[in-house]
C-alpha cells in the first residue's frame, strides 16, 4: 500500500503541482480509503518523509552489499541506490523543484525541505555508523553529515535535470562530487572517531 500511495502522490504532484494536490484524490487513485491514507501520511509533507525513508533504505542496502569497496566507491553505490529508489517519482520531484522558484506558495514548499533536513542528517549519521565512521567529536560528526548532505543536494539537483540514458550525467557528476568531497572535506573523514 505504501509504495502505491507514494507513487500516486508523486504522480499527482507531477500533474498539478504541490499547492494543488488533493489528498482525497490521491487516496482514490491509490484505491484506499481516506482514513488509511491519512493514518500513514497525515499531511502532504509526510509523503516526502516516506520517500526519503525509501531512498535511505535503498542506500543502506547498497552499503551492505559493497563491504569490499573503498570509501569513495561505497559512497558512490550509496548515492546511486538512493537515486534509483527515487526514479519512479522523478516527474513529481521535477515539478516540485520547478515550483520552488519564487512564487506565492514557495514558502510552504521550502518548509517541506527544511523539515526533511533533520531527517537527512539522521540518515547520514546512521550511514556513517554503518561504515564505522561515526565521530566521537560532535562537531566532526556534524561536519561529516553536512558534507554528505551537500553532496546529496548537489547531485540531486543534477539528477533532476539529467535526461541521459542510465543517469550518465548524474553518475559523472557524482564521481566528480565525491572527488571534491575527498579534496575539500577529506580531513573530516581521514580518521575514524
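The values are calculated or read from the model by the stated rules, or taken from the named source; none is laboratory data. Remember, it's a predicted structure, so these values are computed and weren't measured experimentally. As a convention, Cβ positions derive from the backbone with ideal geometry for all residues, glycine included, and neighbour counts pool all protein chains shown.
Taking the condition buried (at least 20 other Cβ atoms within 10 Å of the Cβ), over 20 Å from residue 149 (Cβ atoms) and touching a residue at least 24 places away in the same chain (Cβ under 8 Å), does residue 92 pass? Break it down stepwise before answering.
Details: buried (at least 20 other Cβ atoms within 10 Å of the Cβ): yes; over 20 Å from residue 149 (Cβ atoms): yes; touching a residue at least 24 places away in the same chain (Cβ under 8 Å): yes.
Spelling it out, residue 92 is indeed buried (at least 20 other Cβ atoms within 10 Å of the Cβ), over 20 Å from residue 149 (Cβ atoms) and touching a residue at least 24 places away in the same chain (Cβ under 8 Å).
With (1) more than 16 Å from the chain's Cα centre (by Cα); (2) closer than 23 Å to residue 189 by Cβ as the list, and residue 75 as the residue in question, which single condition is left unmet?
With respect to (1) more than 16 Å from the chain's Cα centre (by Cα); (2) closer than 23 Å to residue 189 by Cβ, residue 75 is out only on (1).
I need a count of the residues in segment 64-75 that are crowded, with 18+ Cβ neighbours inside 10 Å and either modelled with pLDDT of 95 or more or not in a helix (DSSP H, G or I) (or both).
Qualifying residue count, segment 64-75: 0.
In segment 144-164, how many residues are surrounded by fewer than 17 Cβ atoms within 10 Å (Cβ to Cβ) and farther than 14 Å from residue 120 by Cβ?
Total meeting the criteria: 5.
List every residue pair whose Cβ atoms sit under 9 Å apart, with the two residues 6 or more apart in sequence or on different chains, where the first one lies in segment 156-176 and is at positive phi and at pLDDT 90 or above and the second, anywhere, is surrounded by 13 or more Cβ atoms within 10 Å (Cβ to Cβ) and not in a helix (DSSP H, G or I).
If the second residue must be surrounded by 13 or more Cβ atoms within 10 Å (Cβ to Cβ) and not in a helix (DSSP H, G or I), no pairs are left.
Within segment 1-47, considering only helices (runs of 4 or more DSSP H) that don't extend past its boundaries, which have at least 3 residues that are under 18 Å from the mean Cα position of the chain (by Cα) and surrounded by 14 or more Cβ atoms within 10 Å (Cβ to Cβ)?
The qualifying helices (runs of 4 or more DSSP H) are 2-16.
Going by what's in this entry, would residue 123 be described as under 18 Å from the mean Cα position of the chain (by Cα) and either surrounded by 15 or more Cβ atoms within 10 Å (Cβ to Cβ) or at pLDDT below 85 (or both)?
Here the answer is yes, as residue 123 does meet what is asked.
Sort through 111, 136, 103 and tell me the only one that's at pLDDT below 90, under 22 Å from residue 15 (Cβ atoms) and out of contact with any helix residue (DSSP H, G or I) (no Cβ under 7 Å at 6 or more places or on another chain).
103
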